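The structure appears right after this line, and notes come after that.
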Amino acid sequence: MTTSDLPPYPPIDPTTFDLIIIGTGLPASLISAASSAVGKSVLHLDPNPFYGSHFSSLSVPDLSSFLNSHSATPSNTHDENLTLTTRPLFSDVEISNFAPEILDKHSRKFNLDLSGPRVLFCADKSIDLMLKSGTSQYVEFKSVDASFVGDGDGKLWSVPDSRAAIFKDKTLSLLEKNQLMRFFKLVQGHLSNNESEESENGAKISAEDLESLFVEFLTKMKLPPKIKSIILYAIAMADYDQENMEVRKGLLKTKDGIDRLALYIASVGRFQNALGALIYPIYGQGELAQAFCRRAAVKGCLYVLRMPVISLLKDENSGSYKGVRLASGQDIFSQKLVLDPSFTVPGPLASAPCEQIQDSFQVLSLIDDKVKVARGICITKSSLKPDISNCLVFFPPRSLFPEQVTSIRVLQLSSNLAVCPSGMFVLYFSALCDEVNQGKKLLHAALNALLRLHVSGNAENSSTVRSEDTEHVKPTLLWSALYIQELTKGQFESVSSTPMPDGNLNYNDLLDATEKLFQNMYPNEEFFPETSEPENSEEDAGLTLET
């Protein structure tokens, strides 16, 4: 965007702030709201005409434009100060429109998540923070109806994640139901009696077992392979193959697996209107960043969209950062600066943080620095299950092909979440990968298992394709976007940066990383202090859930 493209903004007043933030992604919006809540003066800028950056929800044309522009060769803006350089964080973008006669007239009626699939646990840290900060008043949620485990033939098995679901499940034998019930009873007993000597089952999970690999503990519990797979990949949501010792990535210890089960169990039934453990924001995940921006604005943060920053200003004497130069030509000054992850600053201000700070601020994830996220977005005209609108599907490692070492996650959403026109569905795919070809193979395998291509002139061409265990037809693929996203961790230094969306389904790791960034910036301030405002009650009633 050039200066001539900008609307005639009046000069920003005042010209000095405690903090300037560039980019309105979710971590940046959290920093903005948290800083404003403790009385810091904040200027929040975004070169885009929308909120959310890499965490936004966009129409089909806007999403296509964003992906293509952020996968292009880096661009530089030169002046006498420190140049801001953009770096491509998406690659190998493939966008296909198989039914332009259907999609083109509806293309702006979608809210597509750039960082999908994403859901929130009813009991996770993000929900607690929204209730504590009062941000929950700006967002409404709906339940995710069900979860399934899939295979290469397109068969979907329900995930029995509660006692009632186990009893109702017709795919489990009586022996499998009893085994699963005993295991959940042991876990619940351990969680509720973790300070007593014995649980409801007569014994706690031993300290030795808690330090062992989770998959070994499940084997010790004599759980069959099918049940182990459901627990590992659809409830504990492990990323990597837990039984392949050659991979040696992301292996869960029993204590970590139990913690993940505890979050799942605590989420079931927390809200009266929620059907299960998981919920999704109406209008898309981009609503979360907007909600925290609104909260920040209430506390005095100043927002300016469509305003690129062309360079950073450096103090001539100390050589340290002192402000930014806007595309409008105005210079704005601040003590601290937080950048969107797509920006880099060559030169002395971009020196690496000390090892101690870097270690304290790494994203709490099981992935390494070289891992990428393969993402896919698909639009269909029918549901994966005829009676299910919104659901999750997990493809465990080796369920689609022998070399599959990571879990593939799929989230289907319907028009009742206001993310697509009535009669259509949006599916999000994601999997961790080491390189592009591996990522694309994972995505294509999952797409081929669940969907079939549209044939022009016959929107219902899938009517003759039926899976072996059901009369339901495979949904027809109308449009898709497949891409590889880089993973970047946040950095704290004189100029800080926020992390990219990670490969998780929820935001817990990103929230931890963002809180640590805030604590490094303002070590004497609380991250969202308690407030006496009545709308900021931590009561669960403060969250709006539509039935």
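Some notes on this structure:
- When I310, I265 are screened for being part of a helix (DSSP H, G or I), of a type in the set (V, I, T), open to solvent by 40 Å² or more (accessible area, probe 1.4 Å) and touching a residue at least 40 places away in the same chain (Cβ under 8 Å), only I265 passes.
- Residue match in segment 183-190 (condition: open to solvent by less than 40 Å² (accessible area, probe 1.4 Å), of a type outside the set (A, V, I, L, M, F, W, C) and closer than 14 Å to I227 by Cα): no
- Residue selected from segment 157-192 under the condition assigned to a helix (DSSP H, G or I) and among the aromatic types (F, W, Y), by the criterion nearest to L223 (Cα to Cα): F183
- Among the candidates S136, S115, residue that is of a type in the set (S, T, N, Q), touching a Leu at 6+ places or on another chain (Cβ under 9 Å) and assigned to a helix (DSSP H, G or I): S136
- The listed residues are A297, A277, and the only one of them that is closer than 30 Å to S41 by Cα and either crowded, with 21+ Cβ neighbours inside 10 Å or modelled with pLDDT of 95 or more (or both) turns out to be A297.
- Answer residue from segment 60-72, given it is in contact with a strand residue (DSSP E or B) (Cβ under 7 Å, 6 or more places away or on another chain) and among the hydroxyl-bearing types (S, T, Y) and is least open to solvent (accessible area, probe 1.4 Å) among those: S64
- Meets criteria (modelled with pLDDT under 90 and open to solvent by 40 Å² or more (accessible area, probe 1.4 Å)) for D315: yes
- Of all positions in segment 227-244, at least one carries a residue that is at pLDDT 95 or above, assigned to a loop (DSSP other than H, G, I, E, B), open to solvent by 10 Å² or more (accessible area, probe 1.4 Å) and out of contact with any Pro (no Cβ under 6 Å at 6 or more places or on another chain).
- All positions within segment 195-214 that are touching a Lys or Arg at 6+ places or on another chain (Cβ under 7 Å), of a type outside the set (D, E) and either at pLDDT below 90 or in a helix (DSSP H, G or I) (or both): N201, L210, F214
- Among residues of segment 108-130 being touching a strand residue (DSSP E or B) at 6+ places or on another chain (Cβ under 9 Å) and small (G, A, S), the one that is surrounded by the fewest Cβ atoms within 10 Å (Cβ to Cβ) is S126.
- Hits in segment 400-414 - residues which are polar (S, T, N, Q) and either without any contact (Cβ under 8 Å) to a residue 12 or more places away in the chain or surrounded by 21 or more Cβ atoms within 10 Å (Cβ to Cβ) (or both): Q404, T406, S407, Q412
- Qualifying residue in segment 2-19 (condition: under 21 Å from T344 (Cβ atoms), modelled with pLDDT of 95 or more, surrounded by 13 or more Cβ atoms within 10 Å (Cβ to Cβ) and under 24 Å from the mean Cα position of the chain (by Cα)): no
- The residue of segment 139-156 that is nearest to the chain's Cα centre (by Cα), among those that are part of a loop (DSSP other than H, G, I, E, B) and within 16 Å of A234 (Cα to Cα), is V144.
The values are calculated or read from the model by the stated rules, or taken from the named source; none is laboratory data. On a predicted model such as this, the values are computed, not experimentally measured, just so you know. When we count neighbours, we look across all protein chains shown, and the Cβ atoms used for this are built from the backbone with ideal geometry, even at glycine. Keep in mind that these areas ignore ligands, DNA and RNA; they rest on the heavy atoms of the full protein, side chains included. Shrake-Rupley method; radii C 1.70, N 1.55, O 1.52, S 1.80 Å.
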